[in-house]
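Trainee: Got a structure here, written out as structure tokens. Questions coming.
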Amino acid sequence: MNYRTLGKTGYKVSEISLGTWQLGSRWGDPFNEEVAMQTLEAAVANGINLFDTADIYQGGLSEPAIGRFLKANPDKEVFVVTKMGRDLNPHVAEGYNEKNLRGFVERSLRNQQRDALDLTLLHCPPTSVFSNKEVFAALDRMKSEGMVRHYGVSIEKVEEGFAALEHDISAIEVIFNMFRIKPAEELFAKCKEKNVGIIVRVPLASGLLTGKYTMNTTFGPDDHRSYNRNGEVFDKGETFSGVDYATGLRTAQQLKDELATNDLAGAALRWILMFPEVGVIIPGASRPEQIVENVKASELPPFTPEQMATVERIYNSNIRASVHHLW
């Protein structure tokens, strides 16, 4: 495993880490505590030292599970990134006030059984929140009080990242993959300039970039890949990176063929690591075996200039027109 510095946090983090949206089970399936603990154990055994979570993941069960794991393993040095705000109902900009934010932080502190949060992020709030100085002033106060060590934002759109960079954030979490290249074109340089860490989420486009799906693949009724393809519940860009499923399948196969790889998932993760501005990638894992598959990408050889050009050409031909302007 290789390690990178996550912006101004100064944290030395495993470049392949763990996203816990699916901790303990696949999307929509019942949470399994034993599998969750085995997955977290496999993560640290393979050099991962950062877990990304949120107070709503797995119906609120992921974050407390991480807290129990860390409590039982005090010798493990693991950074925890957690997100807050999506539990608001309704999820509106007015809900991002100091009272609610403090409540979210206090709950995450209890869940993690910690005295301070390593890094907390606003969880894809409405766009106007990123320009609300009072929101970030509240976060500054909680930082000065020692409740949080660092704070940042998780974004849907590049323009939200630029707005957030006007505040003293430490990290931005953003969708970035072979189907979502725009952040590298417009956002990464500004983050580097301000020493803001980049956390890459949805690196495999909800599984499309594993190259393992077909038109006959089915997903459970409570899996967002079944019910949110058109943005029925949350931002469409979270599901398959907003790419039409058939287009995604065709493009994944083309990438697999032209890159001459039998491991498209590993190649997709290694491609992201070609961008030095990236601090950490957080692919999900619902079982321990997936941890082993994910971390292999850290040891793959770098992409050649020709391979990088191939990815860009395929993106421009197949994907750009439908998604680039949206996020």
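Trainee: Would you mind checking segment 281-313 for residues with the amide N under 19 Å from a putative spin-label position 7 Å along Cα→C-beta of residue 114?
Mentor: Output list for this probe position: 281-285.
Trainee: Per the helix-only calculation at 222 nm, which mean residue ellipticity applies to the chain, given -39500 (n - 2.57) for every DSSP H run of n ≥ 4 and division by its residues, nearest 500 deg cm²/dmol? Display every interim value, and only then the final one.
Mentor: On the way: 13 runs with 123 residues, N = 327.
The per-residue figure over the chain is -11000 deg cm²/dmol.
Trainee: By how many degrees, between 0 and 90 and to the nearest 10, does the Cα long axis of helix 133-144 differ from the longest principal axis of the chain?
Mentor: Result, in degrees: 70.
Trainee: Would you kindly state how much longer the chain becomes between residue 162 and residue 68 on full extension, computed as 0.36 nm times their sequence separation minus their alpha carbon distance, in nm to one decimal?
Mentor: Working: separation 94, 0.36 × 94 = 33.84 nm, distance 3.60 nm.
So the chain would gain 30.2 nm between residue 162 and residue 68.
Trainee: Let me ask something else. What is the diffusion coefficient of segment 57-124 in µm²/s, taking the Kirkwood radius over Cα pairs and the Stokes-Einstein relation at 37 °C with a viscosity of 0.692 mPa s? Intermediate values should be presented prior to the final figure.
Mentor: On the way: Rh = 12.7 Å.
Rounded, D is 259 µm²/s.
Trainee: May I pose another question? I'd like the FRET efficiency for residue 245 and residue 3, computed as 1/(1 + (r/R0)^6) with the beta carbon distance as r and R0 of 56 Å, rounded to 0.05. It would help to have the intermediate numbers written out before the result.
Mentor: Working: r = 36 Å, r/R0 = 0.63.
Efficiency, from the Cβ-Cβ distance: 0.95.
Trainee: Roughly how many nanometres apart are two label points built 7 Å out from the Cα toward the Cβ at residue 77 and residue 134?
Mentor: Simple spin-label model gives 4.1 nm for this pair.
Trainee: For segment 277-327, what's the radius of gyration and Dmax over Cα atoms, in angstrom?
Mentor: Cα only, segment 277-327: 14.8, 37 Å (Rg, Dmax).
Trainee: Just need log10 I(q)/I(0) for the chain at q = 0.08 Å⁻¹, Debye formula, equal scatterers on the alpha-carbon atoms, no solvent, rounded to two decimals.
Mentor: Values, matching the q order: -0.33.
Trainee: If you average over every viewing direction, what projected area does the convex hull of the Cα atoms of segment 194-327 give, in nm²? Please list the in-between numbers first.
Mentor: On the way: hull surface 36.8 nm².
Quarter of the Cα hull surface area: 9.2 nm².
Trainee: If every alpha-carbon in segment 74-163 counts as one equal scatterer, what log10 I(q)/I(0) does Debye give at q = 0.11, 0.12, 0.14, 0.19 1/Å?
Mentor: Per q value, in the given order, log10 I(q)/I(0) is -0.29, -0.35, -0.47, -0.85.
Trainee: Let me ask something additional. Mind pulling the angle between the C-alpha long axis of helix 98-112 and the longest principal axis of the chain? Nearest 10 degrees, somewhere in 0 to 90.
Mentor: Value to nearest ten degrees: 80.
Trainee: Calculate the FRET efficiency for residue 29 and residue 233 from the Cβ-Cβ distance with a Förster distance of 22 Å, rounded to the nearest 0.05. It would help to have the intermediate numbers written out before the result.
Mentor: Numbers: r = 17 Å, r/R0 = 0.80.
That pair, residue 29 with residue 233, gives E of 0.80.
Trainee: Please list the three semi-axes, largest first and in whole Å, of the ellipsoid equivalent to segment 189-257, using sqrt of 5 times the eigenvalues of its alpha carbon gyration tensor.
Mentor: Numbers: eigenvalues 134, 59, 18 Å².
Each semi-axis is √(5λ); the values are 26, 17, 9 Å.
Trainee: Whole-Hz ³J(HN,Hα) for each residue in segment 2-13, computed from phi via Karplus 6.51 cos²θ - 1.76 cosθ + 1.60 with θ = phi - 60°, x for glycine and proline: what do you get?
Mentor: Per residue, the Karplus-derived 3J(HN,Hα) values read 9, 10, 10, 8, 8, x, 6, 5, x, 5, 8, 10 Hz.
Trainee: Residue by residue, what Karplus-based ³J(HN,Hα) values in Hz, rounded to whole numbers, does segment 282-293 have, using 6.51, -1.76 and 1.60 with θ = phi - 60° and x for Gly and Pro?
Mentor: Here the 3J(HN,Hα) series is 10, x, x, 8, 9, 8, x, 4, 5, 4, 4, 4 Hz.
Trainee: Ok, one more. Given the alpha-carbon gyration tensor of segment 92-227, what are the semi-axes of its equivalent ellipsoid in whole angstrom, ordered largest first, with each equal to the square root of 5 times an eigenvalue?
Mentor: Taking √(5λ) for each Cα gyration eigenvalue gives 29, 20, 14 Å.
Trainee: Here's another thing I want to ask about it. Given the chain, what percent of its DSSP beta bridges are antiparallel, to the nearest 5? Could you put the intermediate results ahead of the total?
Mentor: Numbers: 4 of 31 bridges.
Roughly 15 percent of the beta bridges in the chain run antiparallel, per DSSP.
Trainee: Next up: Report the extension gain between residue 218 and residue 89 in nm, rounded to one decimal, defined as 0.36 nm multiplied by the number of residues separating them, less their alpha carbon distance. Don't jump to the answer; show the numbers that get you there.
Mentor: On the way: separation 129, 0.36 × 129 = 46.44 nm, distance 3.03 nm.
Once the chain is fully extended between residue 218 and residue 89, it gains 43.4 nm.
Trainee: Name the residues whose placed amide hydrogens come within less than 5 Å of the amide hydrogen of residue 47, ignoring near sequence neighbours (fewer than 5 apart) on the same chain.
Mentor: none
Trainee: Right, here's the next one. So who's got an amide H within less than 5 Å of the one on residue 16, skipping anything under 5 residues away but keeping other chains? H placed 1.01 Å off N, in plane.
Mentor: Amide H neighbours of residue 16, under 5 Å, 5+ apart: 2, 281.
Trainee: Could you give log10 I(q)/I(0) at q = 0.14, 0.15, 0.26 Å⁻¹ for segment 133-189, computed by the Debye formula over C-alpha point scatterers of equal weight, without solvent?
Mentor: For the requested q values the scattering log ratios are -0.43, -0.48, -1.03.
Trainee: How large is ³J(HN,Hα), in whole Hz, for each residue of segment 260-266 in order, when computed from phi with the Karplus curve 6.51 cos²θ - 1.76 cosθ + 1.60 and θ = phi - 60°, using x for Gly and Pro?
Mentor: Each residue's phi maps through the Karplus curve to give 6, 10, 9, 10, 5, 4, x Hz.
Trainee: A further question on this structure: For the chain, give the magnitude of the charge dipole about the Cα centre (Cβ charges: +1 Lys/Arg, -1 Asp/Glu; no others), in debye to the nearest 20. Before the final figure, lay out each step's value.
Mentor: Working: 36 positive and 43 negative charges, 33 e Å.
For this selection, approximately 160 debye.
Trainee: Also: In the structure displayed, which of 190/256; 182/256; 12/236; 8/256; 143/192; 71/192 lie more than 27 Å apart, Cα to Cα?
Mentor: Numbers: 190/256 32 Å; 182/256 21 Å; 12/236 33 Å; 8/256 36 Å; 143/192 22 Å; 71/192 34 Å.
Going by Cα-Cα distance, 190/256; 12/236; 8/256; 71/192 fall outside the 27 Å limit.
Trainee: Determine the percent antiparallel among the DSSP beta bridges restricted to segment 121-223, to the nearest 5. Kindly include the intermediate steps, with their values, before the conclusion.
Mentor: On the way: 1 of 12 bridges.
Expressed as a percentage, antiparallel bridges in segment 121-223 total about 10.
Trainee: In nm, to one decimal, how far is the residue 226 label point from the residue 253 one, both placed 7 Å along Cα→Cβ?
Mentor: 2.5
Just so you know, all these numbers are worked out from the coordinates, no wet-lab data involved. Keep in mind the model is a prediction, meaning the values are calculated, not measured. With ideal geometry, Cβ positions are generated from the backbone for all residues, glycine too; neighbour counts draw on all protein chains shown.
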